[in-house]
1. Looking at the stretch 38-53, which of the residues that are of a type outside the set (A, V, I, L, M) and in contact (Cβ under 8 Å) with a residue 24 or more places away in the chain is farthest from ligand 1 (Cβ to nearest atom)?
2. Find the residue count for the stretch 73-92, including only residues that are over 12 Å from residue 49 (Cα atoms), in a strand (DSSP E or B) and not hydrophobic (A, V, I, L, M, F, W, C).
3. Here are the criteria: (1) under 25 Å from residue 129 (Cβ atoms); (2) more than 13 Å from ligand 2 (Cβ to nearest atom). Tell me which single one residue 44 does not satisfy.
4. Give the residue that is modelled with the lowest pLDDT, with candidates limited to residues of the stretch 177-206 that are charged (D, E, K, R) and surrounded by fewer than 13 Cβ atoms within 10 Å (Cβ to Cβ).
5. What residue, of 107, 64, 74, 96, is loosely packed, with under 14 Cβ neighbours inside 10 Å and out of contact with any helix residue (DSSP H, G or I) (no Cβ under 9 Å at 6 or more places or on another chain)?
6. Does residue 41 meet the test of being modelled with pLDDT under 95, assigned to a strand (DSSP E or B) and outside the structural domain of residue 149 (by TED's automatic domain parsing)?
7. Please give the number of the condition residue 160 fails out of (1) farther than 21 Å from residue 212 by Cα; (2) in contact with a Gly (Cβ under 7 Å, 6 or more places away or on another chain); (3) surrounded by 16 or more Cβ atoms within 10 Å (Cβ to Cβ); (4) not aliphatic (A, V, I, L, M).
8. Out of the residues in the stretch 141-157 that are among the charged types (D, E, K, R) and surrounded by 18 or more Cβ atoms within 10 Å (Cβ to Cβ), which is nearest to ligand 2 (Cβ to nearest atom)?
Amino acid sequence: MTAARSKASGLVIDSPLKSNKGRGTRVVYQGLYNGRPAVIKVYSHPMRRRLHWFLCHFNGKALRKRGIPAPAVRYSGYAASLEAYVIVYEKLEAPRDFRWIKTEPDRARRLDGYRRLIPLFAMMHANGIAQKDTTPGNFLESSGKVHAIDEDRMDIRPWPLGKGASLGNLASVFTQFPPEGSQDMDALFNSYMNARNWKPDARWRRYLDRRIRRFRAWRKDKRGYERKRNLLIAAAAVAAGLAIWLAL
Ligand SMILES: Nc1ncnc2c1ncn2[C@@H]1O[C@H](COP(=O)(O)OP(=O)(O)O)[C@@H](O)[C@H]1O
Ligand SMILES: [Mg+2]
């Protein structure tokens, strides 16, 4: 990948870590800020950059104010030389996100990974924060601590999340990277409920299962919908091509 280099008040942008250009909002780079390793989120869309930057900036402020472990923000605002809004984070040391959990063959190790995530979810929910973007790449382990990152789609409320909203968010996580079998799910449900000082009763355990089933059905439908849409687009393109060919 070509490295885009630019200097703006101590900011050096290097190679992209991940691009969300397809969705038109942001690109995440690694680089330097005042000579120190940094991760830089760049919002450069001509129309939407300010709004998307502001949402992430606002959510990030609430996240840190409420004491959730997260990488420190070194700078947030406009970078004239990039003609973009940026958020500059400290780069965590030897970061490891939780994507490994999807491919880890050892069940006990996977369960252990989940156990390390549960206190972070409980803390976020108790502080009125839900990470709506529940991919395992949005939770980073570094120096023995699990951090929340990617504030773009966080939902911030002035009050703690109730049981329904909390277990719904947990269900979304477990749909993305599901634990194996109901025994592991029981253990994680219990440890989540205990962390929130809630009684882990059977009714809410069934509720969690129901929400997971609903998420799964929706994800399946989503794929079906996308397939149908692509077929329609292809058919329309063929029809348009045919019409042009007949008209000539
Ligand atoms: N502070 C950080 N330190 C180290 N790596 C990071 C940091 N922030 C993000 N990353 C890496 O960049 C990836 C994308 O970051 P993220 O904020 O999730 O961007 P996106 O909004 O594009 O999903 C993460 O999965 C992680 O691997
Ligand atoms: Mg992310």
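1. 50
2. Residues in the stretch 73-92 being over 12 Å from residue 49 (Cα atoms), in a strand (DSSP E or B) and not hydrophobic (A, V, I, L, M, F, W, C): 5 in total.
3. Status for residue 44: all satisfied but (1).
4. Within the stretch 177-206, the match that is modelled with the lowest pLDDT is 180.
5. From the options 107, 64, 74, 96, the qualifying one is 96.
6. no
7. Here residue 160 meets the rest and fails (3).
8. 150
The values are calculated or read from the model by the stated rules, or taken from the named source; none is laboratory data. Bear in mind the structure is a predicted one, so any value in this text is a computation, not a measurement. Positions of Cβ are generated from backbone atoms using ideal geometry, with glycine treated the same way; all protein chains shown enter the neighbour counts.
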